[in-house]
1. Among (1) out of contact with any strand residue (DSSP E or B) (no Cβ under 6 Å at 6 or more places or on another chain); (2) over 21 Å from residue 258 (Cβ atoms), there is one condition residue 188 misses while meeting the rest; what is its number?
2. When residues of region 117-154 are filtered for being surrounded by fewer than 21 Cβ atoms within 10 Å (Cβ to Cβ) and within 22 Å of residue 251 (Cα to Cα), how many remain?
3. Just to be sure I understand the filter: pairs with C-beta atoms under 6 Å, separated by 6 or more residues or on different chains, first member in region 60-79 and free of Cβ contacts under 8 Å to residues at least 24 places away in the same chain, second member in a loop (DSSP other than H, G, I, E, B). Which pairs pass?
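The values are calculated or read from the model by the stated rules, or taken from the named source; none is laboratory data. Since the structure is predicted, the reported quantities are computational estimates derived from the model, not experimental observations. Every residue, glycine as well, gets a Cβ built from its backbone with ideal geometry; the counts of neighbours run over all protein chains shown.
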């Protein structure tokens, strides 16, 4: 006898996605909604969020748009209160907001260093602070919750001129390992996903000429991952049996060597 897998395995769950106005966050919101979750989408661009919610609603899902800058801790706490009030406690938090601004360290691009630290680390911690209590409550009630953090292959490998970005992502991966140990006994799974090159708006913010040339060259020699590839991976992680926690997932373009 074969076991049939539900086409909507996340029915009844409440997913929060940061950085949801484009790329991986946008694709993940749509995919998680397809899998049955009610989704709250957080980002700064309200118009993009409204369009996303309209598409999800049209497809038969349920979504809540919250225009929030995750570097604003008070605003994220307010958003968390709205999620609980309007959708119920979140049992899936996908921390995806981030920025990549490579540059040689000798350029002393301190504004760019700070922007990456503020968004990739502080913004992530703000969301964790705002939603962890919901995840724990939801896990106690429903038997499972998920905290999934977007890291990068840069957390593991060395890329010239990407030092600050890579360091922020190493923080994300190492933090996720520690939080899994803390929260796992409370039925909250914690995962870090480490993608290689994904075709998103992330590359649009790059100003360093050397990094731009490297990215353009890679586009000519290999097929980049798509946001949908990552979204499907997020859906897979959240759909696993509650006993199973993939703590660290590296997903690479087939042709990317490192």
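1. Answer for residue 188: the failing condition is (1).
2. Count: 2.
3. Filtered contacts from region 60-79: 75/68.
For every residue, the table says whether it meets (1) within 15 Å of the chain's Cα centre (by Cα); (2) at pLDDT 80 or above.
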residue: 208; (1), (2): no, no
residue: 221; (1), (2): no, yes
residue: 229; (1), (2): yes, yes
residue: 233; (1), (2): yes, yes
residue: 242; (1), (2): no, yes
residue: 245; (1), (2): no, yes
residue: 249; (1), (2): yes, yes
residue: 253; (1), (2): no, yes
